[in-house]
Amino acid sequence: MFATRAPAGNQLIAMGNVIIGGFSGVFRSIDHGDNWTQAQDGLPINATIRAFTQMGSILFAATDRGIFRSSDSGITWSPMDTILTNHWHATSIATIGSSLFVGVQNYNDTEAWLSTDSGANWIPASNGLVFDSSGEAFPYVTALASKGGNLFAGTDYGGPVGGVFESTDLGASWTSIAPNIDATSLASNGAFLY
């Protein structure tokens, strides 16, 4: 354990602990950030943590090496054995009830996926995340957040094409609600979307 300022990165406060992840891996504090320990057990060396979410007592981490889960408050991590883990960079992750959503990217393709069984199986959830009339330009799903029963996707296409999308049907379809912006981060406090 070491005392230092908080490592930079994405943050999740879960089960009384503070979990932070970024380019340096995962760090965990059990005393509100006064002391930090690295919690890399089970994660690939040099994995970049993109986002965290929590479903009950299970933590999920979206990384550039796939999706990982922890059932011990972030002390150890295990890869989720799916096609997403093996072939995609996970860029964002969120939950609504027992549904787990992940934004993924692989080379020139990007998609959103839904799992209703804690990540054992996945189905596409990208219908409506297409910007151009040809249907060929997909935005990068850089952020996911839930508010009530709705899911929001922040997208970035590296230029004027991007925005915020909303799904009211667990990712079956999406509607653009804030077009032409690069939305690389989203958060919700239950009442508002930021």
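Observations on the model:
- Residue count for the stretch 43-63, restricted to those that are surrounded by 15 or more Cβ atoms within 10 Å (Cβ to Cβ), among the small types (Gly, Ala, Ser) and modelled with pLDDT of 85 or more: 3.
- In the stretch 143-194, the residues that are open to solvent by 30 Å² or more (accessible area, probe 1.4 Å), polar (S, T, N, Q) and at pLDDT 85 or above: Ser146, Asn150, Thr168, Ser173, Thr175, Ser176
- Those residues of the stretch 4-22 which are modelled with pLDDT of 75 or more and loosely packed, with under 15 Cβ neighbours inside 10 Å, in sequence order: none
- Of all residues in the stretch 50-61, those that are in contact (Cβ under 8 Å) with a residue 12 or more places away in the chain have Cβ atoms under 6 Å from Cβ atoms of residues that are surrounded by fewer than 17 Cβ atoms within 10 Å (Cβ to Cβ) and of a type in the set (Gly, Ala, Ser), 6 or more apart or on another chain, in Ile58/Ser71.
- Scanning the stretch 69-101 for residues that are open to solvent by 10 Å² or more (accessible area, probe 1.4 Å), at pLDDT 85 or above and among the aromatic types (Phe, Trp, Tyr) yields one hit, Trp77.
The values are calculated or read from the model by the stated rules, or taken from the named source; none is laboratory data. Only a predicted model underlies this, so the values are computations on that prediction, with no experimental measurement involved. Backbone-built Cβ (ideal geometry, glycine too); neighbour counts: all protein chains shown. The protein model used for the area step is the full one, side chains on, heavy atoms only, and it has no ligands, DNA or RNA in it. Shrake-Rupley method; radii C 1.70, N 1.55, O 1.52, S 1.80 Å.
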